[in-house]
Structures are given as structure tokens and as C-alpha cells.
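The values are calculated or read from the model by the stated rules, or taken from the named source; none is laboratory data. None of the values given here were measured: they were computed from a predicted structure. Here the Cβ positions follow ideal geometry from the backbone for every residue, glycine too, while neighbour counts run over all protein chains shown. Accessible surface areas use protein heavy atoms only, side chains included; no ligands, DNA or RNA. Shrake-Rupley method; radii C 1.70, N 1.55, O 1.52, S 1.80 Å.
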Amino acid sequence: MAGAALAAQLWSLLDEMAENDPQAYRRLLRQQRAEAERLCAPPEPHLCLRARPAGIAGGPLFINVCSWTRVPAPEAPTDPTPVSAGPLEVVSGEGDLYSIIDIAYNPDVLQRGEENPEKMDHLIHLTLKFVEERCNLILSKLYTIEPFKLKGSLETMQQRLKGRQMPTPHLSQDTKKELTLDQLLLAMEAEDCSNAPVLLKEERVTQSKVHLIKEIASTEMPDKLSTPVYEMITMRDANKKPLKIELKIELPKVSSVSECDLRISKDDIILEVPEKYKLQLDLPELVDEETTTAVFNKGKRVLFITVPVTKTDP
């Protein structure tokens, strides 16, 4: 596979940037670090709701409404609101019996609710409806906002929302660069959230103003990936023997090479850009994937790939 070759080429480009334009290099590192910190920031408590499942004997249900930068904000006011939810748990001990669930929104969503009480009231009702449908419950129409922001411990709430968690990479003081590529990518993906955000989808009913909530599976959320425009040429020598394969791929929706996942084998190329593009091509010749080079022209948003053909004995 060409992963090592591509990483080496990327580091070569970063070294060149660090030498020729140190300000741009530092700016790039700051941007990548800020993005990694945003994705890895833990959920924080915002408010706690107390509701009661109707017709069920037992204690109340506490809903921890949390702020989490990892949950995306709706792109437009009319778009569905993404939400991430933890599992419903029943807690008993010392004569106390209650249920608890954690719900997380993007901080901007909660901030708009703080600035507009009507929006917050609407968000709370959407949350209650979402919990009913997700947990197969019927909640009483009455609820209260507790004086505390969180029921239970902060650490337990964060663990429930995050799901499985990979260890955060250790950054050595002796590392040549501030962040290595692998460390940076691992830091951005360190929290493998098994509870992927779903959508609170509002549907207006003609006879009333009731807002319904529909949970959409995470596999249904992305649109179908499109196939990018590409051009593949086999370069030959004077004896028409194939030397290399040059591939030009137009990626108008891509702004950075870090968005691309490129995999090359001896006989095919697979390029994936999450939620945007997917391209799989069978190569006309067997190639040497270890010496592949790839360059992304950020201005033209075009990826150029050069793959040497495997040398064969005469």
C-alpha cells in the first residue's frame, strides 16, 4: 500500500512550508490543533430535566441536557437539529430509584435557547418527545427543570455519551514537530462515539402546530456519495512500453488533502472523501504502489496521482 509513501510526501511538503513560509506553517498547526481540541472536547452539563414515565411504577426520569462541540449544529434554522444520546440507565441504591439518560446538543443550539425562552421551551419538548420514541416510553406532560445542571457524576455522564474511547496519543517532548501527522489524526478521532448524532426532524401537521421527532439512523444521514470527474492516462516509452499511470481527479468540494482517504494496490485505486466523493478504479497495468506520489492543488481543487508501472523482466 502507498500509505507510507504518501505520508512521506506530505511531510516533505510540510517541511518545505516550514522552511519557506514559517508563518503559514505555524498557522496551519494552530488550525489543526484547534480542530482536534474541538472534536476531542468532552460534553458538559447544561441543564437537568425531571420527568415521570406515565403508567409505570417507579422513580422519576432525569434527562441530562448537555453541550457538546462534537455534535454538529444545524446548517440552517429550518434544518433538523442533530442530537447525540447515551443509553437509558436505571439507578437504585439507598432507597433511591430513578432512571437517567444523557442528551447532547451543539453549544450554539443551547445558546440560542438561553437567549430566547420560547426556543428553549420548544427544544425541551422536542427532547422529551425524542426520549419517548427512542426509549419506547410515554412521559407525563409535566416536567421540571432541576436547580442542578447534572444528575449523577460528570465522569459517568461523559462516558455514557462517548461510548467506547481510544487512548489519547502521548505527545513526546522530543518529537521533531509539534504534532506528527499520525498523532494529529488520532487525536481528532480519539473518541470513537458509538452513539452517533441523529436528527430531531420537525414535521408540521396542517391541523395543529405539534412538532414530531423522527430518529434517523446514522447510516441514512449522508447523501449518496458522488463519483468525481477524473482523467486517467497511461504514459509509454518510445517502444510503447507502459511507464506510469497519471490520474487527475477534480474535487471541487474538497478544501484540504486531509479530507481524502487514498488507498492504492497493485491493480486498483480507491479514493474516498467522507460524505462527498467515492472513486474506485481498476488500473490497466500492475503498478508499484510503494512509489506512488500524490499532489493536491488547493487552488484548483484537483488531485494529481502518479503511479509507476511495475517493471517486468524483458
When every residue in segment 139-157 that is basic (Lys, Arg) and closer than 20 Å to residue 122 by Cα is compared, the one modelled with the lowest pLDDT is 141
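So, of the residues in segment 73-97 that are in a strand (DSSP E or B) and open to solvent by 30 Å² or more (accessible area, probe 1.4 Å), which turns out to be modelled with the lowest pLDDT?
Filtering first and then ranking leaves 93.
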Those residues of segment 247-277 which are under 17 Å from the mean Cα position of the chain (by Cα) and either within 24 Å of residue 234 (Cβ to Cβ) or among the polar types (S, T, N, Q) (or both) amount to 255, 256, 258, 260, 272, 277
Checking 210, 287 in turn, the sole residue that is modelled with pLDDT under 85 and β-branched (Val, Ile, Thr) turns out to be 210
Of the residues in segment 93-121, those that are without any contact (Cβ under 8 Å) to a residue 24 or more places away in the chain and not basic (Lys, Arg) number 12
Within segment 17-44, residues at pLDDT 75 or above and either under 21 Å from residue 110 (Cβ atoms) or within 15 Å of the chain's Cα centre (by Cα) (or both) come out as 41, 42, 43, 44
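Regarding segment 138-149, can at least one residue be identified that is part of a loop (DSSP other than H, G, I, E, B) and open to solvent by less than 30 Å² (accessible area, probe 1.4 Å)?
No: zero hits.
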